[in-house]
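Derivation of every value follows stated rules applied to the coordinates shown; laboratory data play no part. Predicted, not measured: the structure shown is a model, and the values here were computed from it. Note that each Cβ is placed from the backbone with ideal geometry, even for glycine, and that neighbours are counted across all protein chains shown.
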Amino acid sequence: MDDFKLKLPVGIENFVEIRTEGFYYIDKTGLIADLLQNWGKVNLFTRPRRFGKSLNISMLKTFFEIGSSHEVFDGLAISKETKLCEEYMGKFPVISVSLKDVEGDDFASAYSMLHSVIGNEAMRFQFLLESEQLTAKEKKMYEQLTTIDAGDADIFSMSEAVLTGSMKTLSMLLNKYYGRKVVILIDEYDVPLAKANEKGYYDQMVSLIRRIFGNALKTNEYMYFAVLTGCLRIAKESIFTGLNNLKIMTIADVQFDEHFSFADNEVQQLLEYYELSEAYDTVKEWYDGYRFGNTDIYCPWDVICYCDKLRADKTAAPSNFWANTSGNDIVRRFIQMADAGTTKRAVEQLIAGEAVTREIHQELTYKELYDSIDNVWSVLFSTGYLTQQGKPDGNMFRLVIPNMEIRKLFTGQIMKLFRENTQKDGDAVNMFCEALKNGDAAGVEKQFTDYLKKTISIRNTFVRKPTKEKCLRLEGSNFRLGGIAPITRAVPPFQVSMRLAVSVA
């Protein structure tokens with residue numbers, strides 16, 4: 001293999017680093033032109049984790065910011081838009097913050113983390129203190145954004161009033177210094193709300209974020225435009241109250257659908273560049289299958305990680321790269337909430353590779369996520385565990401599991417819960433084992449039948465592959481995998497093999 005090939009950007013989210021340090025880059029600069037030509041004052045993009053949100057925010061910052069290195073765009077799609085580049089490239093002060101690390105165990109910790117995020121961004125503009133354009137009072141306002149806690153040099157100290165108005169204040173100061181309105185970029189805007197919901201201080205965090213965003217995005221005359229990214233579309237009445245200039249692009253929307261993630265031709269080109277074209281079918285089976293708007297796409301994190309693995313070992317098997325970047329609690333909760341009726345059957349259909357139709361509500365609050373099974377369907381869709389098939393009919397979507405990686409995640413969670421439940425249900429296991437010991441075929445079948453009513457079937461029909469069912473073999477009270485042998489006669493003591501509704505891929 002050519003030793004001088006570009007490096008794969010595993011975990012690299014800094015656009016300038018990718019473009020200057022020899023990394024492979026799939027051109028997504030078309031997003032810039034689309035943003036400018038399809039104007040929105042405040043633009044919110046919701047995409048699942050690891051689908052290129054942070055890298056695109058870094059790209060936008062590099063393009064718009066005064067003084068940034070614009071040679072990094074040479075040869076990319078946006079460089080051909082000469083009029084847009086002349087008018088917008090390097091012409092704006094930019095405030096760019098990521099909230100992905102604001103995840104304290106309590107409100108005080110999260111509050112301090114927000115101080116640090118905004119304080120560190122404000123520190124990039126220390127030249128404001130030397131500016132002749134700013135008054136002494138305005139310089140004092142800047143100092144309030146960058147004051148360090150006397151007891152800890154790593155912690156910024158702001159009053160609540162300063163914090164909630166911080167981005168608007170910084171916008172005003174930069175506007176006065178440069179004589180240009182400000183571009184505001186906020187990455188992973190909903191992470192503080194997700195963590196607050198998990199840890200029990202959601203209402204406090206909602207109130208704080210609402211005030212920060214209200215000042216920065218709603219009443220900020222110094223802002224040119226803003227871009228936010230996140231996983232979920234949070235209800236406007238939760239944190240965007242009164243924000244009438246908000247343009248939302250979800251995974252269901254056609255506009256901007258190709259700018260986050262990899263298209264099929266882009267994946268083929270990447271594989272060809274690294275001399276891995278023979279892995280195309282495997283990459284497609286495992287990591288393709290998502291549909292954003294009208295575009296069929298791959299998970300970029302998976303593709304890059306697997307290609308990196310294949311470069312070291314061309315026989316390497318695919319792995320659950322995307323699934324392993326999170327605890328996947330939503331899938332576990334979903335399976336636990338699946339009742340013995342329609343939801344259980346729907347889960348079985350999904351795992352078999354079939355589609356189910358459900359009403360999707362894309363605008364929720366984090367407190368509502370698990371209020372009903374209907375809301376959980378919506379969260380699974382928004383966060384990438386399910387995807388749409390074809391065009392929706394209003395709010396009704398045909399949902400499918402996108403690929404083999406996510407199917408493995410679902411089946412793994414089902415088997416994990418099966419093992420946990422059998423361990424907890426000691427009486428049922430003892431009765432089953434007693435029936436085995438006594439050769440009581442009718443008793444064995446009754447215990448199985450009772451249990452199967454509560455379990456979810458896993459059939460190997462995903463992506464129309466031939467069915468190769470396996471089952472659980474029970475010898476005494478010990479479980480292990482075995483072949484299929486349906487009960488048709490008396491059962492010998494301590495040994496039975498039979499088809500279970502929970503069979504494994």
**Amide proton proximity set for Arg291, modelled H, under 5 Å, gap of 5+** = Ile297, Gln388
**Prompt:** For labels at Asp313 and Thr241 in the simple 7 Å Cα→Cβ model, what's the distance in nm?
**Reply:** 5.5
**Message:** Place a point 7 Å from Cα of Lys367 in the direction of its Cβ. Which residues in region 203-243 have their backbone N less than 20 Å from it?
**Reply:** 203-214, 232-243
**Complete:** Amide H contacts under 5 Å for Ser96, restricted to residues at least 5 apart in sequence or on another chain and with H modeled in the peptide plane, are Leu185
**Asked** Between Glu285 and Thr342, what FRET efficiency follows from the Cβ-Cβ distance if R0 is 41 Å, with the result rounded to 0.05?
**Response** 0.90
**Request:** For Asn43, list long-range residues whose amide hydrogen, built 1.01 Å from N in the peptide plane, is under 5 Å from its own amide hydrogen.
**Result:** Ala226, Val227, Leu228, Lys247
**Request:** Kindly list the residues of region 261-276 that lie in the label zone of Lys7, defined by a backbone N under 16 Å from the point 7 Å along the Cα-to-C-beta vector.
**Result:** none
**Prompt:** What number of lysine-lysine pairs in region 152-256 show an alpha-carbon separation below 27 angstrom, given a sequence spacing of 8 or more or placement on distinct chains?
**Reply:** 17
**Complete:** Links exceeding 28 Å between C-alpha atoms in this model, out of Lys344/Lys416; Lys284/Lys367; Lys91/Lys139; Lys5/Lys314; Lys28/Lys309; Lys61/Lys391, come to Lys284/Lys367; Lys61/Lys391
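Given the peptides 401-411, 352-362, arrange them by the average over their residues of other C-beta atoms within 10 Å, most packed first.
Ranking the peptides 401-411, 352-362 by packing returns 401-411, 352-362.
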**Item:** About the Cα centre, charge dipole magnitude for region 1-105 (Lys/Arg +1, Asp/Glu -1 at Cβ), debye
**Value:** 380
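For Asn38 and Asp101, compute 0.36 nm times the residue count separating them, minus their Cα-Cα distance, and round to one decimal in nm.
On the way: separation 63, 0.36 × 63 = 22.68 nm, distance 3.09 nm.
Once the chain is fully extended between Asn38 and Asp101, it gains 19.6 nm.
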**Asked** Got the relative contact order for region 317-417 handy, in percent, Cα pairs under 8 Å and 6 or more residues apart?
**Response** 32
